[in-house]
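A quick write-up on the structure given underneath.
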Amino acid sequence: MISYLLRRLAFMVPTVLGITLMVFMLLALAPGGIGAGLAGSAGQLSDTSKVAQMQAYFEDRYGLNDPVIVQYARWLGRISPVKFGERDLRTPSGERVAPPRAIDDPPLAEAFPAPTAEVAAAPYAPPAGEQLVPEFKKLQREAEGARRDYIGSVRQFRDALAEWAKQQGPSMAGRLDSKGSARTEDFRGVEFPPDSPGYAKLAAAAAAMRAKWFRASAARERALAAFRAGPYPKSGIPLLPGLVSLDTPDLGVAFSKNRPVADLIAAALPVTLLINLIAFPISYLVAVPTGILASVRRGGWLDVGSGFLFLGLYSVPTVLAGVFAIGFLANRQYLGWFPVSGLHDSAAASMTFLPHTDAAGLWHRGYLLDTAWHVALPVLCLVYASFAVLSKQTRASMLDNFSADYVRTAKAKGVPRKDVVMRHVFRNSLLPLITMFVGVFPAMLAGSVVIERIFTVPGMGSLILEAIDLRDREIILANTFMVACVNLLALLLADILYAAADPRVSFNRA
Amino acid sequence: MTQRQPGATLAEPGTDRLSRPVLEVTDLAVSFDNSAGGPRVQAVNGASMALYPQQTLAVVGESGCGKSVTAMSTMQLIARPPGRFDRGSILFEGRDICTLEERDMLSIRGGKIAMIFQEPMTSLNPVYTIGDQLLEAILLHQRVGPEEARGIAVQAMRDVGIRKPEERLGMYPHQFSGGMRQRVMIAMALACRPKVLLADEPTTALDVTIQAQILELLRELQRDRDMGIMLITHNLGVVAENADVVCVMYAGRVVEVANVFELFDEPLHPYTRGLFRSIPMLREAKHRLVTIRDVTDEPAEFRRLPGAVPWWPDMPQGARPALAAGRDEHVLVEVRPDRWVACWRTPELEARPHRRPNLAFRRGDR
Amino acid sequence: MPDAPIGHAPQAISGVDAMRGVGAVQAKGFWEDAWARVLARPGAVFGLSWIAVIAFFAVFAPLIANAHPVTLVTDRGREWPLLEHLAPADWLLLAGAVLGTPWVFLGPRRLKRSQRLGVLVACGLQAAATVVLSAAVVAWADDADRAAWVKDSIRAPWGIPSAVAAVALVFAAVAAWVPSVECRRVRLGAAGLTAALAFLACSFAGRTALVNFERYLEDERSGAIREVVWAPVPWSPQYTRSDMVAQAPGTRVADVPSLSAYADTAFGARRLLLGSDALGGDVLSQMLWACRLSISIGIVSTGISVAIGITMGALMGYFGGKVDLFLFRIVEIFMAVPVLFLLIVAAGVLPRNTYVMMAIIGCFSWTGAARFTRAEFLKLRGQDFVQAARANGLPVSKILFRHMLPNGITPVLVDASFAVAAAITVEATLSYLGLGPDGQASWGKLLSSATAATGTFVWWLAVFPGAAIFLSVLSYNLLGEAMRDAIDPKLRKAAH
Ligand SMILES: Nc1ncnc2c1ncn2[C@@H]1O[C@H](COP(=O)(O)OP(=O)(O)O)[C@@H](O)[C@H]1O
Ligand SMILES: [Mg+2]
């Protein structure tokens, strides 16, 4: 059993890798690439050179210049529970603090050597215990700022380089890319004669870049020392100290909201699960008995009627049902029976859990009823489509089993018809119903994306749609990852239930 | 080895108990809606037969001749629709099964009349243990507590020659081989000591050695328990070894009834002759096996029976004798004492007194 | 007790005869028989009728709902604006429907009707490919980045026709070479005719980029029009007026407060039969034009997914072992995440146009077909006729596609009808989420404008497109259900 579970979990790894890689590639292939949303947000700044610097900063911060596959590998490294290298720290509030990132040497350093006098900054001296955290925070901020300056200066240097190259005539200008900007790698080994036109500007940019690099790396050194001094406890469990450790997956920080994705998901996932977990039993409780009755009275009015009704319901797209529900049932123009949006009333926080009547004789619905009132329409829109699939399947497998030989045996034993139906036919029809889980659960999960948009419920669906609008890679990927995990675990659960229900299936042989 | 249950009396031929048929099928006709859209299928069309305690009545005939439908009608397991009882009766212990309420039928089914089927591999419910399925039958028909029922189940398993029955009660059908499953089916059928066992091709799906064991087992249990067995089979070898009385069916009709020795000595109906001729013989060199059709297509075969023309649906209209008006064309005639053959109902035959096939013969009698 | 003592019924047959097949309905051939049984169900007939209605409007929408007048006589003389503004695809669709439909139903006896239908479908594919590729070639050659000689040659008077001719010839050759249709002469003739039609349509159809509908109103107001004939629904989906937003069904144009100036004109007397949408476009004309998207998106994307699914499933089922293990991981990847989720991501980041939408729906929903085919092929692989084909040394492709496919394709085809319904649902969903194709009238897009951000609810934008979506999805589902019942032998068996 344990080994079976482990093997199944191991088989999930390539699947999750595959699905995340596919989504990653999709995002990278899309026009504008992964950072399209960032460029958009930077584009609101008026100053074009500021925009460029901002963009450079974002690209550096999220590593967007690297090849897609490197970016994906980095993402995997974060998501993987097995971490390599220095362990992160964890603040008391649970936030994760990574060690300050290394800074590459400035580009074309050999062509523009450092000016002689560079004064080394004061080394880090660990302060007293309670000062450790504020000091680290200060140094971290400084390092971040210095890095940002440096990245901006690299950008300026590239602009200067491009301008210089254009002044040198076609031999140099040919090294520029199609948009006329310079990639420093393409200028490696190039002579920069000091008497060439525009050299002074270029050298000044290089010197500024060099100085900023020096400051940034010194600040990073100090921040790293402060990091190593251990202002917070280390996160994770070491396996090989300093090299390999175990830690929870890091879902990254959302581009668009500047908040850890894990927090966003932690807020959204319970909402989605709540709706799904209410909907799921309802759909089984309605569909399965209907299917049973339909098969017992095959061709009767219930069979024909439920067949038509459920097929009709199945043919109503979720969006259509949602729009009608919102429009006719919730909107004040018409019936206005249900709330139009959200999951709770604005006053829900101050409600008692159960309904009650206060001293003044006023009735309050309480938190539970309030929630039920809010989720009623979303749940309704989520369940109806699965009725058809489930009851059809129940009916078909019941009918299959009615003509099975062992049912004939049971009848020949003198088992009363009711027991034949429930104990023999239905018990054996359960097996395909468990497998139906596989189909119904993902469909509901997907359905809830749409439903959350329609009913403005702040769940995973709303999160993902917002992220798609903003091209927020981190949220999209983390969402894909979570949905895939939830789904695969549901499938595994279905398989375990199947094995529990069918003695012919055993984990040892499977 | 079988153990004698207390209270089971030894078979004594001639006693009153054994001289009355336990099951009597009279002029049974069952038809089905045709799912392919054609005319109704008259699966059984006026079949009559009688079964005595301690007797094995073999019902033989080609596929589709209505053997299983006859047995299933006896259990009232024909689904209606598509099935329909057109006429006839099935008397069991003096009551007509066809007129019983479903409630009364429940106690007969599995309790007094039991049935085993051809498909041992699929006839047990795969999701319950053997023990569950045995106990279900026992608890339904005997007023016993669970502990006692378990004892009966263990005994039943032992009776059919399953070793370590206590252990095996907890096992699932898929853990058993085909022969073992058929033994379980028999144990389940016999656990409630039925008066009649309907064995519908119980050994067709099994290999030859197992087949012999199972039939041997049935014979022993039959003797111990005064049970009548209706043995449905294609296999004439099985008939020769096990049957007391043979009833040959064709197209829903009974075409010949006789005790097993007389039938094998001298088959009278051309169809029966065809059945025997179609068995390959070792020492006969033939370039092609004889089929039943080869025999029944030969008009000379139908002239051998003096005083009557054997009934045969495919006979050309001209070859048929003049029929008695307004009556069923088919009549089972006792052409010699204790030998019945299906004949065209001519006015001459109509005049003769008729007795329905009814033979208390058992092998030991001879 | 005998249920009904009817005595001996002479028309009944015996069980032995039944076993031999006496009295069974004369075998018609599997497909013909299945089709007859499908048509015996009222649900399927309803579905087919509705699909036929949609198909009719998909073809004839430009003639039925158009804000260009059919003909117009002014000082400039007689004009035919409606015909002048038809796109190549419109011409081809009209030609295909006018020529092809009678040919399929009344065509030569030499070919079976299913074969004629196959030829028509092949011609449709050929024409579509020609139109799309011609447009792409012309757009590519006309791009500012191209070398001068390319630009010059496409701008020369015979530039476009010769480019189109080249494309048309290529696709005609492909269509004529495709080995599936038996009758060689018909195949060549159809391919040639299609190429000629496509050439004519693409080279000479109207390519007026800027459409000015106001022109007719100005002419009308100034009294320049002497004679005019309008289409039955004198609105186009593209014709939106900001002064005509969200009018209720049946409103007369002149009754709209901001349009009272038109009180006495013919324009003012027009009605918005199904109202207008949030951009001030007529709903009825959009509904009619949206039939095109509904028909094409369902069928094309299902075609893509079935093609991919059958290929993958056949490979998995036939080879088994490692191939199966590897390819099934890919199937599993798609099963791990709800397809709609992937579609939302893909539609969100990729360009918003019809072809991309069809492609992504097709590429993300092939796993069902693949699993069905795989299961069938696994079953068939062990069967004697496949073993015999293999023993005879037939090449794998022949065994797969000639021997196994016809036997294993049934469940996929049954499923295809449900897949079309699902594709229509997906289109409505994506359009609702604002991820639908741009510049295309779509029921889903109309539906999405029913609930505005301000919280008002416009019922006619929910009810009419909603009903159209529902009926289309229902039709395909009913058809699929009927096909499943007709073909699935397990369900045909008399139960208990
Ligand atoms: N449930 C049923 N529905 C329709 N026809 C049936 C049914 N059961 C049996 N039949 C028909 O009755 C005929 C006799 O069947 P059966 O008694 O099973 O033959 P056999 O002698 O081989 O056991 C067959 O031709 C079969 O078509
Ligand atoms: Mg039988």
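Rule-based calculations on the coordinates, nothing more; no lab input. For clarity, every value in this text was computed on a predicted model and none was experimentally measured. Quick reminder, even Gly has a Cβ in these numbers, built from the backbone with ideal geometry, and neighbours come from all protein chains shown.
Using θ = phi - 60° and the Karplus relation 6.51 cos²θ - 1.76 cosθ + 1.60, list the HN-Hα couplings for segment C:90-95 in order, rounded to whole Hz, with x at every Gly or Pro.
Per-residue couplings from phi come out as 4, 4, 5, 4, 4, 4 Hz.
Which length gain, in nm to one decimal place, applies between A:Leu277 and A:Leu369 when the Cα-Cα distance is subtracted from 0.36 nm times their residue separation?
31.4 nm
Ordered by residue, what ³J(HN,Hα) values in Hz, to whole numbers, does segment B:194-200 give under the Karplus form 6.51 cos²θ - 1.76 cosθ + 1.60, where θ = phi - 60° and Gly and Pro are x?
x, 7, 10, 10, 9, 10, 8
Dividing the alpha-carbon Rg of segment C:283-495 by 2.2 N^0.38 Å yields what? Spell out each step's value before the answer.
On the way: Rg = 20.1 Å, N = 213, 2.2 N^0.38 = 16.9 Å.
For segment C:283-495, the normalised Cα radius of gyration comes out at 1.19.
Return the ratio Rg/(2.2 N^0.38 Å) for segment A:2-251, where Rg is computed over Cα atoms only.
On the way: Rg = 21.8 Å, N = 250, 2.2 N^0.38 = 17.9 Å.
For segment A:2-251, the normalised Cα radius of gyration is 1.22.
Enumerate the aspartates and glutamates that A:Lys137 could reach by cross-link, defined here as Cα to Cα under 19 Å, with residues fewer than 8 away along the same chain left out.
A:Glu86, A:Asp88, A:Glu95, A:Asp149, A:Glu221
Less than 18 Å apart at the alpha-carbon level, and either on another chain or at least 8 residues along: which aspartates and glutamates does that give for A:Lys166?
Of all the aspartates and glutamates, those that pass the test against A:Lys166 - Cα under 18 Å, at least 8 places apart if same chain - are A:Asp177, A:Glu185, A:Asp186, A:Glu191, A:Asp195.
Can you give me the three principal axis dimensions of the protein assembly as shown from its C-alpha atoms, in Å, biggest first?
135, 95, 85 Å, listed from the longest principal axis down.
With just the Cα atoms defining each centre, how far is segment A:63-107 from segment C:207-257? Give it in Å.
Here the answer is 60 Å between Cα centres.
Of A:Lys392/C:Lys112; B:Lys67/B:Lys195; A:Lys392/A:Lys413; B:Lys164/C:Lys379; A:Lys392/B:Lys112; A:Lys392/C:Lys379, which pairs sit farther than 28 Å apart, going by alpha carbon to alpha carbon? Don't jump to the answer; show the numbers that get you there.
On the way: A:Lys392/C:Lys112 36 Å; B:Lys67/B:Lys195 20 Å; A:Lys392/A:Lys413 30 Å; B:Lys164/C:Lys379 39 Å; A:Lys392/B:Lys112 39 Å; A:Lys392/C:Lys379 25 Å.
Beyond 28 Å between Cα atoms: A:Lys392/C:Lys112; A:Lys392/A:Lys413; B:Lys164/C:Lys379; A:Lys392/B:Lys112.
Label segment C:290-411 by shape, choosing from rounded, prolate and oblate, from the square roots a ≥ b ≥ c of the eigenvalues of the Cα gyration tensor; if a/c is under 1.5 it is rounded, and otherwise prolate applies when a/b is larger than b/c, oblate when it is not. Kindly include the intermediate steps, with their values, before the conclusion.
Values: a/c = 3.15, a/b = 1.95, b/c = 1.62.
It comes out prolate by the Cα gyration axes.
Mind checking C:346-355 for the average number of partner chain beta-carbons within 10 Å of each residue's beta-carbon? The partial results should precede the final answer.
Values: counts 7, 1, 10, 16, 4, 2, 0, 0, 0, 0.
That average works out to 4.
Out of all DSSP beta bridges with both ends in the protein assembly as shown, state the antiparallel percent to the nearest 5.
Numbers: 56 of 78 bridges.
About 70 percent, rounded to the nearest 5.
Does a label point 7 Å from the Cα of C:Ala467, set along Cα-to-beta-carbon, have any residues of segment C:61-103 with amide nitrogen under 20 Å, and which are they?
C:61, C:65
Translational diffusion coefficient of segment A:352-464 at 10 °C, 1.306 mPa s, Stokes-Einstein with Kirkwood Rh over Cα pairs, in µm²/s as a whole number.
Values: Rh = 17.8 Å.
Once the numbers are plugged in, D ends up at 89 µm²/s.
Starting from the Cα-Cα distance between B:His287 and B:Glu166, subtract it from 0.36 nm times their residue separation and give me the gain in nm to one decimal.
Numbers: separation 121, 0.36 × 121 = 43.56 nm, distance 5.46 nm.
Full-extension gain reported as 38.1 nm.
Enumerate the calculated ³J(HN,Hα) couplings along segment B:227-232 in order (Karplus 6.51 cos²θ - 1.76 cosθ + 1.60, θ = phi - 60°), each rounded to whole Hz, writing x wherever the residue is Gly or Pro.
Result, rounded to whole Hz: 8, x, 10, 9, 9, 9.
Quick one: P(r) of chain A from all Cα-Cα pairs, 20 Å bins, percents rounded to integers, in order of increasing distance.
Bins of 20 Å from zero give 16, 38, 29, 13, 3, 0 percent of pairs.
Residues of segment A:310-345 with backbone nitrogen within less than 17 Å of a virtual label 7 Å along the Cα-to-Cβ line of A:Asp358, please, listed as ranges.
In segment A:310-345, the label zone of A:Asp358 (backbone N under 17 Å from the point 7 Å along Cα→Cβ) covers A:345.
At q = 0.16, 0.19, 0.21 Å⁻¹, what is the base-10 log of I(q)/I(0) for segment C:75-178 according to the Debye formula with one equal point scatterer per Cα and no solvent? Please give it to two decimals.
Taken in order of the listed q values, log10 I(q)/I(0) reads -0.86, -1.02, -1.11.
Shape of segment C:228-375 from its Cα gyration tensor (a ≥ b ≥ c, root eigenvalues): rounded if a/c is under 1.5, otherwise prolate when a/b > b/c, or oblate? Each step should come with its number before you reach the end.
On the way: a/c = 5.17, a/b = 3.43, b/c = 1.51.
Because a/c hits 1.5 or more and a/b exceeds b/c, segment C:228-375 counts as prolate.
Just flag the trypsin sites (Lys or Arg not before Pro) in segment B:223-309 sitting in loop per DSSP whose Cβ has no more than 15 other Cβ atoms within 10 Å. It would help to have the intermediate numbers written out before the result.
Numbers: sites: B:Arg223, B:Arg225, B:Arg253, B:Arg273, B:Arg277, B:Arg283, B:Lys286, B:Arg288, B:Arg293, B:Arg303, B:Arg304; in loops: B:Arg283, B:Lys286, B:Arg288, B:Arg304.
Qualifying residues, ordered by number: B:Arg283, B:Lys286, B:Arg288, B:Arg304.
Give me Rg/Rg_expected for chain C, where Rg uses Cα atoms only and Rg_expected = 2.2 N^0.38 Å with N residues.
Details: Rg = 27.2 Å, N = 496, 2.2 N^0.38 = 23.3 Å.
For chain C, the normalised Cα radius of gyration is 1.17.
Please return the longest range in chain A lying between exposed loop sites, taking GluC sites (Glu not before Pro), DSSP loop only, at most 13 other beta-carbon atoms within 10 Å, and leaving the sites out.
A:192-510
Per 10 Å bin, what is the whole-percent P(r) computed from every C-alpha pair distance within segment B:252-366?
Result, from short to long distances: 13, 41, 31, 13, 2 percent.
Size of the dipole of the protein assembly as shown about the Cα centre, Lys and Arg at +1 and Asp and Glu at -1 on the beta carbon, nothing else charged, in debye to 20?
Values: 137 positive and 120 negative charges, 366 e Å.
Dipole size: approximately 1760 debye.
Taking the number of other C-beta atoms within 10 Å as the exposure measure, put A:Cys381, C:Cys123 in order starting with the fewest. Mind dumping the intermediate values first?
Details: A:Cys381 27, C:Cys123 23.
Exposure proxy ranking, most exposed first: C:Cys123, A:Cys381.
Can you give me the distance in nm between label points at A:Tyr199 and B:Asp338, each placed 7 Å from the Cα along the Cα-to-Cβ direction?
Simple spin-label model gives 13.4 nm for this pair.
Work out how much length C:Arg146 to C:Tyr355 would gain on full extension: take 0.36 nm times their residue separation and subtract the Cα-Cα distance, in nm to one decimal. If you can, show how the numbers build up before the last one.
Numbers: separation 209, 0.36 × 209 = 75.24 nm, distance 2.46 nm.
Gain on extension, C:Arg146 to C:Tyr355, equals 72.8 nm.
Quick one: if you stick a label point 7 Å off each Cα along the C-beta vector at B:Leu139 and C:Trp103, how many nm between them?
Computed distance between label sites B:Leu139 and C:Trp103 equals 7.2 nm.
For segment A:239-328, run through the chymotrypsin sites (Phe, Trp or Tyr not before Pro) and keep only the ones in DSSP coil with at most 14 other Cβ atoms within 10 Å of their Cβ. Don't jump to the answer; show the numbers that get you there.
On the way: sites: A:Phe255, A:Tyr284, A:Trp301, A:Phe308, A:Phe310, A:Tyr314, A:Phe324, A:Phe328; in loops: A:Phe255.
Of the chymotrypsin sites (Phe, Trp or Tyr not before Pro), not one in the loops of segment A:239-328 has a Cβ with at most 14 other Cβ atoms within 10 Å.
Calculate, for C:Phe385 and C:Ala139, the FRET efficiency according to 1/(1 + (r/R0)^6) with r their C-beta to C-beta distance and R0 60 Å; round to the nearest 0.05. Show your work: numbers first, answer last.
Values: r = 50 Å, r/R0 = 0.84.
E between C:Phe385 and C:Ala139, to the nearest 0.05, is 0.75.
Taking H as built 1.01 Å from N, whose amide H comes closer than 5 Å to the amide H of A:Val244, not counting residues under 5 places away?
The answer is A:Gly85, A:Leu239.
Need the C-alpha centroid separation for segment B:288-337 versus segment A:179-199, integer Å.
113 Å
If r is the Cβ-Cβ distance from C:Arg76 to C:Ala278 and R0 is 30 Å, what FRET efficiency results, to the nearest 0.05?
On the way: r = 36 Å, r/R0 = 1.19.
After rounding to 0.05, the efficiency reads 0.25.
Would you grab the residues whose amide H sits under 5 Å from the one on B:Gly38? Only those 5+ places off in sequence or on another chain, please, with H modelled 1.01 Å from N.
Here C:Val25 satisfy the definition.
Using amide H atoms built 1.01 Å from N in the peptide plane, name the residues 5+ places from B:Thr56, or on other chains, whose amide H lies under 5 Å from its own.
B:Ile229, B:Asp244, B:Val245
Modelling each spin label as a point 7 Å along the Cα-to-Cβ direction, I'd like the C:Leu217/A:Leu335 distance in nm, to one decimal.
Calculated label separation equals 4.0 nm.
For B:Glu216 and C:Thr311, what is the calculated FRET efficiency with R₀ set at 56 Å and r taken between the beta-carbons, to the nearest 0.05? Walk me through the intermediate numbers first.
Numbers: r = 57 Å, r/R0 = 1.02.
With R0 = 56 Å, the Cβ-Cβ based efficiency is 0.45.
Looking at the calculated P(r) for segment A:425-508, what percent of the C-alpha pair distances fall above 17 Å? Could the numbers behind the result be given before it?
Values: 2011 of 3486 pairs.
Within segment A:425-508, distances greater than 17 Å cover 58 percent of Cα pairs.
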